[in-house]
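What follows is a single structure, written as structure tokens, with notes after it.
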Amino acid sequence: MAAVSGSVRLQRCVVSPAGRHSASLIFLHGSGDSGQGLRKWIKQVLNQDLTFQHIKIIYPTAPPRPYTPMKGGISNVWFDRVKISNDCPEHLESIDVMCQVLTELINDEVQSGIKKNRILIGGFSMGGCMAMHVAYRNHRDVAGVFALSSFLNKTSAVYQALQKRGGELPELFQCHGTADELVLHAWGKETNSVLQSLGVSTTFHTFPGLYHELSTGFE
């Protein structure tokens, strides 16, 4: 299997703040998407760009790699996995490489003058899972984490890291639709419950009838 190097520099779609830049939000897309695609999708849902007065939004694109659920086909994914399920082992090799790559993105923001506790990281689906790995295993001093329609495997390295090491942890914001057939609502809820039991302050919002998609929650 072809590997992605930890020295990869991610393509980035950036939305600048309207005023002075004093915080950054890193928003990771789902499997097979791109940073530009996620920005466009959010714009369709909101009928406008997601913008803030002082927060820069960064939509990075995962580098293409072979993806086992697509029978080895090349796709823009943050990591590989055997299947989309919460009861199989994580592909830690690919997850750890991407943690390194995303660390470089975080470091770039810090070097530009943004404190780590002014950086949020999160994502949709696979992107939310990747964000939890980055934050709870490597960057516990970020401002917060969000995961939309996301889950962690039952034996996730995130859980293991939290069991071994205590201390202050970033807060987690989760949302999940009850009609999601790709990533089951129960998987997201279980992830939230386990993280809460390991000391993470969490918020979990359930959206009745919502599939594996983005929504404002207002119809």
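Yes/no matrix, rows are residues, columns are (1) over 16 Å from the mean Cα position of the chain (by Cα); (2) part of a loop (DSSP other than H, G, I, E, B); (3) among the aliphatic types (A, V, I, L, M):
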residue: Ser24; (1), (2), (3): no, no, no
residue: Lys43; (1), (2), (3): yes, no, no
residue: Asp87; (1), (2), (3): yes, yes, no
residue: Ile95; (1), (2), (3): no, no, yes
residue: Met98; (1), (2), (3): no, no, yes
residue: Ile106; (1), (2), (3): no, no, yes
residue: Ile114; (1), (2), (3): yes, yes, yes
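Could you list all residues from the range 5-51 that are open to solvent by less than 30 Å² (accessible area, probe 1.4 Å), closer than 20 Å to Ser149 by Cβ and not small (Gly, Ala, Ser)?
The answer is Leu25, Ile26, Phe27, Leu28, His29, Leu38, Ile42.
Identify the single condition in (1) out of contact with any Cys (no Cβ under 6 Å at 6 or more places or on another chain); (2) of a type outside the set (Val, Ile, Thr); (3) over 29 Å from Thr155 (Cβ atoms) that Gly35 does not satisfy, given that it satisfies every other one.
(1)
Going through the range 88-146 one residue at a time, which ones are farther than 18 Å from Pro60 by Cα, charged (D, E, K, R) and free of Cβ contacts under 8 Å to residues at least 24 places away in the same chain?
Hit for the range 88-146 is Lys115, nothing else.
Quick check on the range 143-158. Is at least one of its residues farther than 24 Å from Asp33 by Cα, surrounded by 15 or more Cβ atoms within 10 Å (Cβ to Cβ) and among the small types (Gly, Ala, Ser)?
Within the range 143-158, one or more residues are farther than 24 Å from Asp33 by Cα, surrounded by 15 or more Cβ atoms within 10 Å (Cβ to Cβ) and among the small types (Gly, Ala, Ser).
Scan the range 100-124 for residues that are open to solvent by 10 Å² or more (accessible area, probe 1.4 Å) and out of contact with any strand residue (DSSP E or B) (no Cβ under 6 Å at 6 or more places or on another chain) and report the count.
12
Quick one: which residue in Glu219, Glu213, Glu168 is open to solvent by 50 Å² or more (accessible area, probe 1.4 Å), over 19 Å from Leu102 (Cβ atoms), modelled with pLDDT under 95 and within 17 Å of the chain's Cα centre (by Cα)?
Residue meeting the stated conditions: Glu213.
The values are calculated or read from the model by the stated rules, or taken from the named source; none is laboratory data. Treat the numbers as computed from the prediction; the structure is a model and nothing was measured. Counting neighbours? That spans all protein chains shown, and the Cβs are built from the backbone with ideal geometry, glycine included. Please note that ligands, DNA and RNA were not included when accessible areas were found on the heavy atoms of the full protein model with its side chains. Shrake-Rupley method; radii C 1.70, N 1.55, O 1.52, S 1.80 Å.
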